[in-house]
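All of the numbers you see were taken from the coordinates with simple rules; none came from a lab. Bear in mind that the values here come from a model prediction, so they are computed numbers and not experimental data. No Cβ is skipped: glycine too gets one built from the backbone with ideal geometry, and neighbour counts run over all protein chains shown.
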Amino acid sequence: MHLPQVFVEDRRVKNLDPADPLWVGDKIPSDDHPTGITHRNMLKLDWSHGHNQTIHNGISRIGFYTGGMKARFRDEDLADAWVMESNRWIEEHKDRPFFLFFASQDIHVPRIAHKRFQGKTLLGPRGDCIVQLDWCVGELMKTLDRLQLAENTLVVFCSDNGPVLDDGYKDDAVEKLGEHQPAGPHRGGKYSVWEGGTRTPFITRWKGRIEPGVSEEMVCTIDFASSIAAITGQSVAPEGCLDSLDVSAALLGKSGATGRDYLLQQDNGSGNFGLRSGDWKLVRLEKRGKSQAVVSKNERPLPTARHTLYQLSLDPGERIDVSATHPEVVQRLTSQLDKLINDGRSRKRE
């Protein structure tokens, strides 16, 4: 986790002692400053790559900082703190419309669950944190039910990216994986434009409004802005949220509702793109460095061609490049991809 490890409320660091100010930087503050490299024997969670600078709570981090000792938190206490503060906030706002963004840290590194959940799974800290996240969600649902808000509240559970195992720390995520495939049948994971990197958990719940079931419609988290605006009778600024589309009917599970016709996918900044259109998926690889996270023990090598084409209904794992047999689809999707990039937006101008 990037530093510093402190709570911020109303843009101020909680419990910060003015006599012990925080300093944050990208260069080591002194030659004797403990880091994951120089004081590796101090660590309770060892690093595998990258996360080896300032040490806090026995864990080395990305970047350097000093001070703020009374304001710093323990990783083990974060889930309880998020749930407690969220429940308190819901209580305070229960009599008027509210929006709560519960940004759980659980599956993100460093994966350190509260002692109540440590050892609850056979998958090590990663599995224990997944169980802890499940508890967090359950506690929030209990609060909505207790306050009789469930029938007036749209709940969305989603993820920002696909799975990753070794993301900087030696927490046995790879070693204890067993036969489990975190991305299911899909290829790749975090950092990639493959379906394993972009096709993520997405659940909506609204008691009395959404019928339980599974939808095959394509939607994206960037559609929240336009969709929630439509649900609440608001509008999005013409030059705001340029890629957000109104897919509210699909989110609410309405009969006959459709989601997106296409979706532009982008990786972690290397310039690789994916374009889903109906049954087709075009992949454009500009760089072949760290373009996908290790999420299984049988990762396939990246294709050498710049453009590859996959038919997802027949090949959800994006294993078979069919660009040679469908050149017209490659041409159509390449032109569409270029236009989207050049336009800098997906939503039509009003």
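Calculated [222 nm] ellipticity per residue, helices only, for the chain: -6500 deg cm²/dmol; basis is -39500 (n - 2.57) per DSSP H run with n ≥ 4, divided by all residues, nearest 500. Rounded to the nearest 20 debye, the dipole size of the chain about its Cα centre is 220 debye, using +1 on the Cβ of Lys and Arg and -1 on the Cβ of Asp and Glu. If the chain linking PHE99 and ASP77 were pulled fully straight, counting 0.36 nm for each residue of separation and taking away their Cα-Cα distance, it would gain 5.5 nm. Going 7 Å from the Cα of ASN152 in the Cα-to-Cβ direction, what parts of segment 228-246 have a backbone nitrogen less than 18 Å from that spot? Residues 231-233 fall inside that zone. Neighbours of VAL247, meaning other residues whose beta-carbon lies under 11 angstrom from its beta-carbon, give a summed charge of -2 when Lys and Arg score +1 and Asp and Glu score -1. In terms of the mean number of neighbouring beta-carbon atoms within 10 Å, the peptides 47-55, 313-321, 212-220 order highest first as 47-55, 313-321, 212-220.
Our summary gives segment 262-341 a relative contact order of 24 percent, counting only alpha carbon pairs under 8 angstrom and 6 or more residues apart. Annotation: extensible slack from ASP32 through ASP261 equals 76.8 nm (criterion: 0.36 nm per residue apart, minus Cα-Cα distance). Kindly state, to the nearest 0.05, the FRET efficiency for SER335 paired with LYS207, given R0 = 51 Å and r defined as their beta-carbon distance. For SER335 and LYS207, the calculated efficiency is 0.70.
Choose one of GLY259, TRP23, LEU282: the residue whose Cα lies farthest towards the positive end of the charge dipole of the chain (beta-carbon charges +1 Lys, Arg; -1 Asp, Glu; about the Cα centre). Farthest towards the positive end: LEU282. Classify segment 1-125: rounded, prolate or oblate, from the alpha-carbon gyration tensor (a ≥ b ≥ c, eigenvalue square roots; a/c under 1.5 rounded; otherwise prolate if a/b is larger than b/c)? Judged from the Cα gyration tensor, segment 1-125 comes out oblate (a/c at least 1.5, b/c at or above a/b). From the residues VAL156, SER313, TRP206, which one has its Cα farthest along the dipole of the chain in the positive direction, the dipole being from +1 and -1 charges on Cβ of Lys/Arg and Asp/Glu about the Cα centre? The one lying farthest along the dipole's positive direction is SER313.
One chain, two ends: ARG40 and GLU9. Fully extended at 0.36 nm per residue, the span grows by 7.9 nm beyond their Cα-Cα distance.
Between VAL137 and ALA324, the C-beta separation translates, for a Förster distance of 41 Å, into a calculated FRET efficiency of about 0.35. Taking Cα centre as origin and charging only the Cβ of basic (Lys, Arg, +1) and acidic (Asp, Glu, -1) residues, the dipole magnitude of segment 240-349 rounds to 220 debye. Charges on Cβ only, +1 for Lys and Arg, -1 for Asp and Glu, centred on the Cα centroid of segment 262-341; of GLY269, PRO303, ILE341, which one is farthest towards the dipole's positive end? Farthest along the dipole direction, towards plus: GLY269. Across the chain, the relative contact order, built from alpha-carbon pairs under 8 Å that are at least six residues apart, equals 12 percent.
For the set LYS190/LYS287; LYS142/LYS207; LYS170/LYS287; LYS120/LYS142, the pairs lying more than 20 angstrom apart at their alpha carbons are LYS170/LYS287; LYS120/LYS142. Here each label is just a point 7 Å from Cα along the line to Cβ, and for GLU216 and THR121 those points are 2.9 nm apart.
The mean sequence distance of close C-alpha pairs (under 8 Å, at least 6 residues apart), as a share of the length of segment 198-350, puts its relative contact order at 18 percent.
The calculated FRET efficiency for the pair GLU350 and GLU91, based on their C-beta separation and a Förster distance of 45 Å, comes to about 0.70.
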